[in-house]
Structures are given as structure tokens and as C-alpha cells.
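A short write-up of the structure that comes next.
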Amino acid sequence: MSIGKNAAGFGTRAIHAGQRPDPTTGAIMTPVYMTSTYVQEEPAKTKGYDYSRTCNPTRTALEENLASLEGGRFGLSFSSGMGAINCLMNLLEAGDHVVACNDLYGGTYRLFKTLYEKFGVDFSLIDTSDLDKVQEAIRPDTKLVYLETPTNPLLRLSDIAAVAELCKERQGLVLAVDNTFATPYLQNPLELGADIVIHSVTKYLGGHSDVVGGALILDDEEMHDQLRHFQNTVGSTPGPMDCFLVLRGTKTLHVRMERHCQNAEKIAAWLSEHPKVAKVHYPGLPSHPQFELCQKQMKHAGGMVSLELEGGLAAGKDFVTRTMLFSLAESLGGVESLVDHPASMTHASIPREEREAAGLMDGLVRLSVGIEDLDDLIKDLEQALEDE
Ligand SMILES: *Cc1c(COP(=O)(O)O)cnc(C)c1O
């Protein structure tokens, strides 16, 4: 039973959607089907599964769960977020044009610029928080508009509903939204008019920094069939253990996100009062340029906070080595707090001029605020900001 969005609340769907007791044993948890192939009664007579690149029951449960959380009809899961984005890009042909935001996740930027550009796909990377710029950038050959909102690491927002309106004016123009930072608990792009949602489930959906995975969720059956074909053809599908871990993660997504957001809101407010902090980027602060859009589009402002220190690059690099509870590491969205220096870590593959043109300064520090006790997190930031 796949649970529809209107049939049950988010928390109930997070725990139950796509999952039913195992029919042979009654096991309440979906088994990890560690099998590559399935015995057939007679040639081509299967129980719905023939080979695990194509499909696997643990993966089916995860795909139904993720589809239900985003309120979509179809879910496809992948061995990484990049595998999911690559599958989406397989819809394009040489000569097609893509409009995307100019502070993309570094790996997505690399996929676009070092791979798809080589295959003849053309990209306009623009500030998609400015609707006029989106409208200007759309050309007759534009096939895809690609948004991240909030963006990584500057936490800029784009108005999904307004961009969806623009895209609907042109038949065949697909709007895809990378919803990794917001998660389906805070924001549902399909409901706002997007055609397809992307997730790196490595982050909040898995939530425990123990698995890498990705997903696509959509409503359109024809596009789903195409993507399913590419998923099986290219083969970046997840193993059953990975699917099991993500399924275990999504069961607590709503509870974890509440705490991530509470902690991040308090930390963003605290940082913005600190004399050594020059700037805080957090869409839940009234000083954020899209504060109002955040109130409208997201349930809460999320668990990511970025900051710039007085003292720029040297101060930023010093800070990230002095935090103790905030571990210096790439990635985000796990229960434990992490700190990242984007210019030398997650976003190093973007040339400096392009980074700076998009507002990503070398001194910027990104926090993935975990669900530890707030007092301990603040104490850690405080000692890291003290004079030596
Ligand atoms: C991490 C991330 C990706 C890529 O996902 P992987 O699981 O690392 O392949 C894509 N988009 C965003 C916003 C991310 O944070």
C-alpha cells in the first residue's frame, strides 16, 4: 500500500509508506533483500523481480516511501545524489539549453560543466532568485530549468511557484528542484508546480552520515518511464543495505528536522549578534533577502547556517580548525554537527572568479547544525571565536 499525501500526515507516511510486514515471516522491518537475481517459474514468469540492477524489493519500499513524502506518484532511487542528477540529465540531447542557479552544489556544477557541456548541452548559470533574470535566460531551445533552494552554501532561495508559472508558459520545459537542503518535511516542490524533485539522500533523509544515495520523485508517467529506462541502462542503482539505511533514516525525518531547525535558528540569531561575525546567511533571519519567501515556501528555515568572519579567509580557516563538536568534514544533514570551508573543500571545483561573482567568498564557513544540545553547540562556537 503506497500511502497518498492526503491519506495520512507526514510522520505517519515517514514511518509506514512503502512498507508492510514481510508476508512470509511477519517481520515488521522491510528485509534487506541481498540477492542479485530471482528464480523464475518458467521463462519470463517472475514475481515482479528479475535482476537487482533493474529492481529489488528493499529498493521498491524506499522508492514508494520517498514518493509518498514528496507527494509524488513515482520515486526512483540511486547510488548517489550525483547518480540521480545524471539520470535526470540523460533526458537531454546535444543542442539543448539549461538554465540553472549560479551557486549550484559543486558536484552538480562539475557534472554540468565538465561532462554535459562536452556532449553539447549549453548552460546559463544565473541568479534564479531574480525572476526577471530567469525569464530573460529562457530561450527557445531551453529544455530544463534547474533550481536548488535553499542553495549551498549561500542559502539563497528561489520562488518555486513563480518559476513554475514561467516554465508552464512553454510546453516541454521541465522544472527540476534539488530539494536536498529543505527535505520534503520543509518544502514540497511538486506541490508548488515543479515537475521533478531531486534528493541527495546522503544528507537529511539518511540523516546519520552512514550511507550515500540519491533519488528522483515525479508525477509524470511518461517521464518516469524514460527515467526508469535510463536508471536501468546506466546502472547507478543503490544496493539493498543502502536502501534499508535510508528507510530507517526517513522514519525519524520529521522529528530530526524539527530539532535541526530549532538549533539552527537559535545559532543563526546568536552568531548575528557576535562582534567577530561579519555576516550570517540564514533564510530564517529577518535580515535575509528572501526572509518573506522563506515564510511562504518553507515550513521552517532549515538546519544549515553560513557565516563570514571579520578577518576573511584567515579567520575562516582558523575557525574551522578550532571547533570541537562541529567536526570539520564535507557533507551535511547528519545528526552530528559539521563545519565546512566551501572554498577549499566542497566548492573547490568552481573557479574562484565564478565563486566570487556568485557571492561565495573565500572566508565563508558553512555549518550543518546537528541535533546535539543547543548549549553545547553554542559553547563550542563561542570558544572557537575567542581570541587565542
Ligand atoms: C550532496 C549534494 C548533492 C550530491 O549528492 P551525493 O549523494 O553526494 O552524490 C547534490 N545536491 C546537493 C544540494 C547536495 O548537497
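The values are calculated or read from the model by the stated rules, or taken from the named source; none is laboratory data. Note that the structure is a prediction, hence the values are computed from the model and not measured. Every residue, glycine as well, gets a Cβ built from its backbone with ideal geometry; the counts of neighbours run over all protein chains shown.
Observations on the structure shown:
- Failed condition for Cys87, given (1) away from the ligand (no atom under 14 Å from the Cβ); (2) touching a strand residue (DSSP E or B) at 6+ places or on another chain (Cβ under 9 Å): (1)
- The residue list Thr233, Thr237 contains one member that is assigned by TED's automatic domain parsing to the domain that holds Thr54 and assigned to a helix (DSSP H, G or I), which is Thr233.
- Subset of region 101-121 that is away from the ligand (no atom under 12 Å from the Cβ) and not in a helix (DSSP H, G or I) - its residue that is surrounded by the most Cβ atoms within 10 Å (Cβ to Cβ): Asn102
- Looking only at residues in region 188-206 that are within 11 Å of the ligand (Cβ to nearest atom) and not hydroxyl-bearing (Ser, Thr, Tyr), the one that is farthest from the chain's Cα centre (by Cα) is Gly206.
- Criterion (under 19 Å from the mean Cα position of the chain (by Cα) and aromatic (Phe, Trp, Tyr)) met by exactly one of Tyr185, Tyr116: Tyr185
- Listed conditions (1) part of a loop (DSSP other than H, G, I, E, B); (2) more than 15 Å from Asp178 (Cα to Cα); (3) β-branched (Val, Ile, Thr) are all met by Thr128, apart from (2).
- Leading residue by the ranking (nearest to Glu330 (Cα to Cα)) among those in region 128-164 that are surrounded by fewer than 17 Cβ atoms within 10 Å (Cβ to Cβ) and without any contact (Cβ under 8 Å) to a residue 40 or more places away in the chain: Asp130
- Top-ranked residue in region 207-241 [being within 12 Å of the ligand (Cβ to nearest atom) and more than 17 Å from Ile85 (Cβ to Cβ); ranked as surrounded by the most Cβ atoms within 10 Å (Cβ to Cβ)]: Val211
- Of all residues in region 344-354 being surrounded by fewer than 22 Cβ atoms within 10 Å (Cβ to Cβ) and closer than 20 Å to Ala315 by Cβ, the one that is farthest from the chain's Cα centre (by Cα): Arg352
- The one condition in (1) more than 16 Å from the ligand (Cβ to nearest atom); (2) part of a strand (DSSP E or B) that Val339 fails to fulfil: (1)
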